Every structure is written in C-alpha cells, then in structure tokens.
Amino acid sequence: MNHEVGSIDDDRGPRKQSRPTRARGRAGYRRLEAILEAANLVVQRVETENDIGRDAFVDIVDGTDVTGGVICVQVKSGTSFRHEGQWVVPGAAADFRLWRESTVPFFGAVHDPEDDALRWVDLSQAATLAGDAYLSPVIPGPYGKPSVPVPAENRLDVDISPFLDAARTSLRRRSGSPAAALLAEDAETVEVGIADTSAVGRHDATAFLLLAALFHRLPKACRRLAVVVLAMTTPHPDVFWTKQNWIPEQVSTTVRERCRWTAIDIAALLDEVDETGITRGSIGQTVFHVLALDQDLQPKLFKAALDRALPDSNRFWAAAIFLYLAGEDAPGVLDDLFEADRASGNEEALFSISHRLEDVEGFQHLIQSIAEFGYVSLF
C-alpha cells in the first residue's frame, strides 16, 4: 500500500508542536495556585475543554470557614502582556461582555516569568466601567487591542490581603448584596453596605434607589453617611467631584425620576439637620438636595409641617423648605399653611396664631422675610 506524503497515517509527516506559550501559561497558573492555596483558599482548575476564559475558580475562605463566595481567575503569563511599561490583560469585545455579565466575578492575573511576580486586577469592575468615557480604565494594548491595565502595586505574591478585600467587594457588587448589608443589625456592616452602594450605584441606579427606600430603617449613626452618598446623585453645588465619586448623568436622572420619599423617610431626613441649619456647606444643605430628589416633594412637606406628631424642629424645617420651594408664591403658601392648621381645630398647633408660634426659633424670621421680600431664602 502506497502512502501519500502528508496523509494522516504517514510516519514521515510533520510532528505536533509544543508551543512555548503553553509552558509559560502553565507556569503562571502554578504560581497562582501555589500562592492562593498557601493562603488556605480552595482553587479548582478549569479543564481545557471547558475553558472560556476562566483558568480557575477560587473559593474565598475566612480563616478556615469557606464563605460560599466564588470568583474566577484568568491567568496571563509572559512579557507579551507588558505593553509600554504597563502590564495589561487584553480582551476582545466578547471578553469584556463576559467579564461584565458573568454572575461570578472575573479577576485577571499576569505572571512575570523573569521575577516570578504575580499581579492582579478586577476584570468585572473594569468591564463594567468600560462603557463610561470618564471612568473607563481601558487603554490600547498590544496591537491596539483594548486592554485592562494591571496596577503595578497589586502584587499577589507580596500581599494577598488587598486581593481578598477586592474579591469580597466584587462579590457584594455582583450579588446585589448591598441590600443585605444595609439591613444588617450592626452599624459597621451597614456602613459597608452604604459604601458599596456608592460603588455599585455608578453603574446601576437601583443601588441608590434601594438605599433611599431603606433610609428610615438605617441605624441613626449611619444616616448621615447615607445622606452624603445619596447627595452624589443630586446637583449639589458644593460637592468636590472627582473620578472616584462622579456619578454618570444617566444614573442621576434615573434616581430623580424614581425616588419617592415616604413620610417616615422625610422625618428621618429632617432629623439630620443640625444646629447649623440649612446653609451653604452644612449637612442641612445636603439634606435639602437629597429631599429634592423626590419630584413630588412639596405636598409631602406641607403635610409634614402640619404633623403635630413630629418634633417642632422637623416641622419648622419642613415649612421652611416648603416655603423656599414656593418661590414668589410663598405669601399665598404661608396663608395656606395657617388656614390648614386652623382647620385642624387645635389652637396649640405650631402655625396657629398663639404663643406656640413665638416659641419656634427662626419661624418669625421666615414670616418677616416673606412680608419684606415676598419669598424665603435658605442659602
């Protein structure tokens, strides 16, 4: 039987080649596995036939407790992933979509075979930010391919703690668990949830809406922080905007369109106004802007001003903001407040013509301002 050169059963044909990149890739994975397992993390290698960009699944362990949190890691190895002095993880459009949509957070690791260093980056977060021209970390990589830069200081081989912190944060973001943290019993965990809301909210307005919906349930000690975080979605004139706290307009618009305060929320927010009142630079100013997220706020403030179950200070600030928002209609609005209060039949009510009115600090100033200028000025 004659065999044609190059046929599948020809012993004289070319042999299968072992690619140098295969050995480098294995070295990078072995380095990752050694570091993570030394930290008592559980590493499960992804078999080649199931590899769609994941090289390993990693169970996050707290001490000896397996937490149930799982991330996946994609490992790159070799100097080809160092571009213009920066380590990078390149990706096609499909890669970025996978990193963004994966229910399991994606992390990247690059291995430097020259010094055995292993650096990491949160690919899921980078892919989520990639659609925002202001926040996107994506840079041109090898051959102009979109790439995620890997911070030089993210040395997994030097200190694993920042990697674990980032993994836990990414797990909270991917699971939507700021809600669970916001409903925790201890203030420290709630503060973590509020901080996560700020991070998640840059890409998903639902996180801010959830914080707003749960505001009155937050521990008193955490509410001021929540007010500050919610203010990031408002046109607050005195916020020092940075790349770290800037919120995309589409997120802010969605929050303004959907945020609606309950009477309990309004009372809790007004309770945050301190002795500095509502002036430029005060927490009261921030409360004002957060309240104003609700496009149906004015009738709710009217009711709050007439609610004798609220502390006098809350009723006063409800009235002050209501009158301020009324603008040049303040004189008629003030008459409406008095008329509604008189209709309640309680002569001891805050806005009735009685000695109680004199006892409310600052209210006479509002009346005088309206009488003199026809409006109320808060700032």
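The values are calculated or read from the model by the stated rules, or taken from the named source; none is laboratory data. The shown structure was predicted, so the numbers you read here are calculated from the model rather than taken from an experiment. FYI the Cβ positions are ideal-geometry reconstructions off the backbone, even for glycines, and counts take in every protein chain you see. Accessible surface is based on the protein model in full, side chains and every heavy atom, while ligands, DNA and RNA are left aside. Shrake-Rupley method; radii C 1.70, N 1.55, O 1.52, S 1.80 Å.
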Test item: Cα-centred dipole of segment 128-183, Lys/Arg +1 and Asp/Glu -1 on Cβ, debye: 240
Regarding segment 232-342, what whole-number volume in Å³ per residue does the convex hull of its Cα atoms give? 110
Heavy atoms only, probe 1.4 Å: what % of the accessible area of the chain goes to carbon and sulfur, would you let me know? 50
One computes Rg over Rh for segment 26-101 from alpha-carbon atoms, with the Kirkwood Rh, and obtains 1.00
Sorted by chain and number, the residues with a modelled amide H under 5 Å from that of F107, at a separation of 5 or more or across chains, are C72, V73, Q74, L123
Restricted to Cα positions, what overall size does segment 184-224 have along the principal axes? Three whole-Å values, descending. 26, 17, 16
Which aspartates and glutamates have a Cα lying under 14 Å from the Cα of K220, excluding residues fewer than 8 positions away in the same chain? E185, D186, E188, E191, D265, D271, E272, D274
Net length gained if the chain between R45 and D65 were fully extended (0.36 nm per residue, minus Cα distance): 5.1 nm
Give me the one-decimal nm value for the distance between modelled label points at Y134 and W241, 7 Å along each residue's Cα-to-Cβ direction. 0.4
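Could you order the peptides 119-130, 221-232 from most to least packed, using the average number of other C-beta atoms within 10 Å per residue?
119-130, 221-232
Assign unit charges at the C-beta atoms only (+1 for Lys and Arg, -1 for Asp and Glu), then state the dipole size of the chain relative to its Cα centre in Debye, rounded to the nearest 20.
So the dipole magnitude of the chain works out to roughly 1580 debye.
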Square roots of five times the Cα gyration tensor eigenvalues for segment 85-125, Å: 23, 11, 7
For the chain, the charge dipole (Cβ of Lys, Arg +1; Cβ of Asp, Glu -1; about the Cα centre) points to a positive end, and the Cα of L306, V148, L334 closest to that extreme belongs to V148
